[in-house]
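The values are calculated or read from the model by the stated rules, or taken from the named source; none is laboratory data. Nothing here was measured: the structure is a model prediction, and the numbers come from that model. Here the Cβ is made from the backbone with ideal geometry for all residues, glycine too, and neighbour counts use every protein chain on show.
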Amino acid sequence: MDVKKLFSLEGKKGFITGGAQGIGRTIAQAFAELGAEVAIVDINAQKAQETAAQIAAATGGRVLALPCDVADPASVGQMIEQYEKDFTTINFAVNNAGIFTGDAALDISPAAFKSVIDVNLTGMFFTAQAAARLMVKHKTGGSIISTASMSAHIINVPQTIANYCATKAAVVHLSKGLAVEWAKYNIRVNCISPGYIQTELIASLKDLLPIWSAKMPEGSRLGYPEDLIGAFVYFASDASLFANGTELVIDGGYTIL
């Protein structure tokens, strides 16, 4: 058995939504380092271009930027059309774009509530569907990976993000539904549920960090984007050929207490 080949991404191609920063950027660089050709998909076109150029320079890999609003099916259609022109086939798709508003449930406006659902759930479906259609068209099969959250299993406190928690629970179950429907096309659909990951946004919430840390097992810590690389590589590589409809919760033990 060639274990290095099993986990290699050499020759694989795909996109990562929300890839311009945070978790998405870290995963994009890791995939490029392992030999994958990567499209950075993000609503911030300039940031996506900058990120793609930086990762390409650092890794020597082929990394391109594609602007896209995942909540807009027309924008997703344009993105996947351009993706096919640039890459032809697709082996993996990482649905990582997500937002939260922090509004209390009593106060949140209909527009704010809907915006979180549109990006976190509906957008995840649109991009997963676009990737699956391309996999079916070219008869390649492949791996679709969505970023859910430990919030699919617990309600975060003291922040108020009930609508966010609802969307992440839906992402987990939708992934299972898609896994069942698309298995006959040799498409695997799995998801990863991170705990608190210290992206620039989360790390800036300094008053909340000790509150969250206190809810974890003694000796544990909050995470960093790099802590998720192994899980994403596993699902994108041939090491996960028998994994379908699976959720990996990676939270430093937060949800076991």
Please report, ordered by residue number, the helices (runs of 4 or more DSSP H) entirely within region 167-257 with at least 1 residues that are more than 20 Å from I16 (Cα to Cα).
200-203, 209-214
So which residues in region 154-166 are more than 14 Å from G98 (Cβ to Cβ) and assigned to a helix (DSSP H, G or I), if there are any at all?
A162
Hey, any hits in region 94-114 for a residue that's touching a Pro at 6+ places or on another chain (Cβ under 7 Å), of a type in the set (A, V, I, L, M, F, W, C) and free of Cβ contacts under 8 Å to residues at least 60 places away in the same chain?
no
Any chance A56 is over 15 Å from G98 (Cα atoms), buried (at least 22 other Cβ atoms within 10 Å of the Cβ) and either among the polar types (S, T, N, Q) or at pLDDT 95 or above (or both):
no
May I ask you to verify whether I90 is under 17 Å from the mean Cα position of the chain (by Cα), crowded, with 23+ Cβ neighbours inside 10 Å, in a loop (DSSP other than H, G, I, E, B) and in contact (Cβ under 8 Å) with a residue 60 or more places away in the chain?
yes
Quickly run through region 128-173 and pick out the residues that are within 24 Å of K13 (Cβ to Cβ) and surrounded by fewer than 20 Cβ atoms within 10 Å (Cβ to Cβ).
Q129, R133, V136, K137, H138, K139, T140, G141
Selection status of L134, more than 14 Å from L178 (Cα to Cα) and aliphatic (A, V, I, L, M)
yes
Scanning for something surrounded by 15 or more Cβ atoms within 10 Å (Cβ to Cβ), over 25 Å from K12 (Cβ atoms), within 14 Å of the chain's Cα centre (by Cα) and in contact (Cβ under 8 Å) with a residue 24 or more places away in the chain, does region 177-197 turn up at least one residue?
yes
